[in-house]
Each structure stands twice: as C-alpha cells, then as structure tokens.
Amino acid sequence: MSYNQMTKEELMKLREELLTAYEEKKGLGLNLSMARGKPERGQLELSMPMLSIINEDTQFVGEDGLDFRNYGILSGTMEAKRFFADILDVETENIVIYGSASLSLMYDTIARAYIKGIMGSEPWSRLDKVKFLCPVPGYDRHFTICEFFGIEMINVPMLEDGPDMDMVEKLVSEDPAVKGIWNVPKYSNPGGVVYSDEVVRRFANLKPAAADFRIYWDNAYCIHHLYRDNQPEILNIIKECEKAGNPDMVYEFCSTSKVTFPGAGISAMAASKANIDETVKYMNAQTISHDKLNQLRHVLFFPTQDALKEHMMKHADIMRPKFEKVTEMLEEELGDAGIASWTKPLGGYFISFDGMEGTAKKIVSMCADAGIVMTGAGATYPYGNDPHDSNIRIAPSFPPMDELVEACRVFIICVKLASIDKILETK
C-alpha cells in the first residue's frame, strides 16, 4: 500500500513498529559498509595466478625489442597497447598505457591542460573561468578532480539513454568557457545507464565554442557485465568522432582496476594520434616509464580476448546474486510503498536509489547510527549538493552476502522511517 494513501494514525502506528525494529538493529553493534564499489575477496582471488605468471624463466624482451625490466617504452609496451586496443576497438597508435589507475590518468590530463594547454590553446590556468558539464547523478571522483582545480561544474540531467543532449549541445556550442564533459557511458556510475547510439552520435557531432573542448569518456565498466546473455553494446566514440570530422575531441579512459587488482592494475587512454602524441610528449617530463612488468603480467594472464571475457564472467557470477538480492529486497519491501525508485543495472558496480525528496541525508545518517556505512548523501552531485536530497548510491559488491542482506534490512527500515516522517509533515 502506498504510504501517501495511509491515514495519519496508520502512519504513526507503522512508525512505532519501525522504530522498535531500528533500535533492535542499533543494538546489534553492526559495522557494515555499502559505501564504495570495491571488489570482494573472492573477486580478488580470481587473479591470484597472475602474481606468479612471470619468473626468472620468462621472456622479458617484447615486440619493441627492449627489456621490460629496464627503463624505456614511455607510452607502454606494444603488447599492452594491443590488449587495450582490442578492448576499446581502436588501433594501437591510439593508445597510451599509464599506471595502476585511470583516475590518475584523468587527473594528469586535466593538470596538463592547466599547465600547458591543449594543442596550442591557452593554458587553463590563465583563463578567468573553466567550466565542465557533469551528468547527474554521477561519479564523485570526477567532481573531486574538478573541485580541486577550481573548475565550475554544471549539472546536466541524466536521462534513460544518456545525458540531456539538448542541454549539452546548447551549453557546449554557446559558451567557450565550457572545456569538457565527464561521462561514464556504459553502466554509468551510479545509475547503470547505457548510452544510446543517438546519444553517442550527438556527442561526436558536437560543435564546441572552445577549440580545446574535450569529451572525457570514462569507460570504466565497458566489460563489467552482470549477465552472459544480456550485454548491451555502445557505439565506438573514437570512430564516431572520426566520422564526424572531430577526431581530436575525445579522451577515452579504461583500466583493469576491477578486472584484476584494484591497487595494481594497468590503465590506458585512447584518443586520436595527435592527442596521444601530445600526451606522451608531456609525460616525458613526468616519468621514464610505467610498470612494464605489470603490463607483462596482464597480457600473459589474458592471452586472448576470450580469456578476458571468461574471467569477467567469473566476476559476474559473484556480483550478480548480490545485485539481484538487493533489488529483490527493495521490491519486496518498498515496491508498493510509493516512496522510492531504483535502477536495475545490467553491469557496473552500483545501484542508484532515489528516495522521497528531502530524505537522503536523513536515511544515510540513520544508517550510520545503526552501523551501516553508505556513500554520503549528495556525493553523486557536484559539490556534494543534491538539489533534491533524494539520491543514494548503493554499492553491493564488497560485503559478503549475509552482511549485504543485513545492511539492506537496516537501509530499508531507515528509508521507511525517513519517508513516514516526511509525509507526516503534511498530514
């Protein structure tokens, strides 16, 4: 029954029952987390053989003719470039290999624009204003990078098939201070949105007022499917930009952070050859080379794309029951209540939950008091400011199933209590 159709007396009675249950949960001394999209221990175990895949008998000289144990090969080994080129469906000349995390690569890409500019444009540090478009709800660490550099962030609503492209096209074409837009185009963080072909084509055909405008295409979850037989695909942004006559307009990022070891993966950027050449030129002042032994471990562990796909299905077999359990519990407890909605993603690491307007902070705070750590309310919006105070990111991956179920029980109680209090304000 919808809570909004209940009488004040019915709501007050239900509230008392829920408060009793909430106090019981608080008394358990729980310490559980659904805060961040970390792989669980079983997922990390999947890649353990990679640690012993190289030894003193390994052939350390690759196609480049250089010893992987030594200095050199600044842009990454040819083998590692081919690995990511196959994932992203680009040529190896369109790839540069970086360190363990794509977040560092994204940060450095912004930093280089501030210090040196992009392809001859004025360094951003000399400009009065730099703006980025941010599809919301979105990835908090993208927003953190912008906030660190003092970039003004503009919210763009995320629709069912991607960002509001009418708004994107208008802002990009009219304002030369708009230098970029963040995107997680496949299984978006946190909503699990998969960009439609139309949205990708409209991105590729943007007509920016700023010559140094770039699309920051964080394809973090491109191979992170939950189902073997339901794996949506998106158009290749690199190729679509080439077709549209905008080959330099996109930086695409990818990594193995949640494929192998989050703290010891390898990352890559795909872009036009001109963008890659400029990136490598500036990297030369930063480092001699990234960890080529780790690049070697990865390409030996994944000798073919089929091997990579089977590995990702092992991840899916661990992740899928957790996602299904969370959505099942939400449906059972909240499906008819009329107080919340949530996504049912086909991949990625998150479920996006929307409660009643003005309740998210209270829900997260109540969860914390009961020992359940959630991502902070507002984190999915720039500056931590959700204008509706309704969105909460749920990360089911890290807790063991029994802990996940207990955390969800507490979360649901908190959602119900916060919603009843909100409704009672108008009764």
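Here are the numbers for the structure shown:
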{"item": "Residues being closer than 24 Å to Gly42 by Cβ and touching a strand residue (DSSP E or B) at 6+ places or on another chain (Cβ under 8 Å) - total across segment 314-342", "result": "5"}
{"item": "Qualifying residue in segment 117-132 (condition: of a type in the set (Lys, Arg), free of Cβ contacts under 8 Å to residues at least 12 places away in the same chain and in contact with a Pro (Cβ under 9 Å, 6 or more places away or on another chain))", "result": "no"}
{"item": "Answer from Leu105, Leu51 - the residue that is closer than 30 Å to Ala395 by Cα, hydrophobic (A, V, I, L, M, F, W, C) and open to solvent by 30 Å² or more (accessible area, probe 1.4 Å)", "result": "Leu51"}
{"item": "Wholly enclosed strands (runs of 3 or more DSSP E) of segment 127-198 bearing at least 1 residues among the polar types (S, T, N, Q)", "result": "152-159, 178-183"}
{"item": "Residues satisfying the stated conditions in segment 48-71, i.e. out of contact with any helix residue (DSSP H, G or I) (no Cβ under 8 Å at 6 or more places or on another chain) and touching a residue at least 60 places away in the same chain (Cβ under 8 Å)", "result": "Tyr71"}
{"item": "Unmet criterion (only one of (1) surrounded by fewer than 24 Cβ atoms within 10 Å (Cβ to Cβ); (2) under 23 Å from Ile110 (Cβ atoms)) for Asn205", "result": "(2)"}
{"item": "Selected residue (only one of His311, His388 is touching a helix residue (DSSP H, G or I) at 6+ places or on another chain (Cβ under 9 Å) and closer than 20 Å to Ala220 by Cβ)", "result": "His311"}
{"item": "Hits in segment 86-102 (condition: open to solvent by less than 50 Å² (accessible area, probe 1.4 Å) and closer than 14 Å to Ser272 by Cβ)", "result": "Leu88, Val90, Thr92, Asn94, Ile95, Val96"}
{"item": "Count of segment 163-191 residues which are of a type in the set (Lys, Arg) and in contact with a Lys or Arg (Cβ under 7 Å, 6 or more places away or on another chain)", "result": "1"}
{"item": "Test: residue in segment 244-254 that is at pLDDT 95 or above and over 22 Å from Val96 (Cβ atoms)", "result": "yes"}
{"item": "Segment 231-264 - residue that is touching a strand residue (DSSP E or B) at 6+ places or on another chain (Cβ under 6 Å) and of a type outside the set (A, V, I, L, M) and, of those, most open to solvent (accessible area, probe 1.4 Å)", "result": "Gln231"}
{"item": "Yes/no for Ala270 being over 27 Å from Asp317 (Cβ atoms), touching a helix residue (DSSP H, G or I) at 6+ places or on another chain (Cβ under 6 Å) and touching a residue at least 24 places away in the same chain (Cβ under 8 Å)", "result": "yes"}
{"item": "Check on Glu122, open to solvent by 10 Å² or more (accessible area, probe 1.4 Å) and either assigned to a helix (DSSP H, G or I) or in contact with a Ser or Thr (Cβ under 8 Å, 6 or more places away or on another chain) (or both)", "result": "no"}
{"item": "Pairs with Cβ under 7 Å, 6+ apart, first in segment 165-187 and farther than 11 Å from Ile215 by Cα and touching a residue at least 12 places away in the same chain (Cβ under 8 Å), second charged (D, E, K, R) and in a helix (DSSP H, G or I)", "result": "Met165/Arg202; Glu169/Arg202"}
{"item": "Residues satisfying the stated conditions in segment 136-156, i.e. within 21 Å of Tyr221 (Cα to Cα) and open to solvent by 60 Å² or more (accessible area, probe 1.4 Å)", "result": "Arg141, Thr144"}
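Yes/no matrix, rows are residues, columns are (1) in contact with a helix residue (DSSP H, G or I) (Cβ under 9 Å, 6 or more places away or on another chain); (2) part of a helix (DSSP H, G or I):
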site	(1), (2)
Arg202	yes, yes
Asp229	no, no
Pro232	no, no
Phe253	yes, no
Thr260	yes, no
Thr287	no, no
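Listed here are the residues, each with its yes/no results for (1) at pLDDT 95 or above; (2) farther than 19 Å from Met158 by Cα; (3) not charged (D, E, K, R).
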site	(1), (2), (3)
Ala337	yes, yes, yes
Gly347	yes, no, yes
Lys361	yes, yes, no
Ala370	yes, yes, yes
Val373	yes, yes, yes
Ile392	yes, no, yes
Met401	yes, yes, yes
Ile413	yes, yes, yes
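The values are calculated or read from the model by the stated rules, or taken from the named source; none is laboratory data. Being a predicted model, the structure only gives us computed values, none of them experimental. Every residue, glycine among them, receives a Cβ derived from its backbone with ideal geometry; neighbour counts consider all protein chains shown. Side chains are part of the model used for accessible areas, which takes the heavy atoms of the whole protein and leaves out ligands, DNA and RNA. Shrake-Rupley method; radii C 1.70, N 1.55, O 1.52, S 1.80 Å.
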